[in-house]
1. Could you tell me how many degrees, from 0 to 90 and to the nearest 10, lie between the Cα long axis of helix 2-48 and the main elongation axis, the longest principal axis, of the Cα atoms of the chain?
2. How big is D for the chain, in µm² s⁻¹ as a whole number, if Stokes-Einstein is applied with the Kirkwood radius of its Cα pairs at 37 °C and 0.692 mPa s?
3. Give the order of 48, 28 when sorted by the count of other beta carbons within 10 angstrom, beginning with the fewest.
């Protein structure tokens, strides 16, 4: 029982930073895609003209 508790605590302490890192990576990639979208739209509009 004590080993299970220790394992759960260790898993939580390891999974929290990993989850935060993944969240930051996803947020960064989402920011990059939203930053690229207006430039791509401008390129399409310029191409049509």
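FYI, it's all coordinate maths here, none of it is from the lab. Please read these numbers as outputs of a predicted model, since none were measured by experiment. Ideal geometry is used to build each Cβ from the backbone, glycine not excepted, and the neighbour counts take in all protein chains shown.
1. Long axis of 2-48 versus the principal axis of the chain: about 0 degrees.
2. Here the translational diffusion coefficient equals 234 µm²/s.
3. Fewest-to-most Cβ neighbours within 10 Å comes out as 48, 28.
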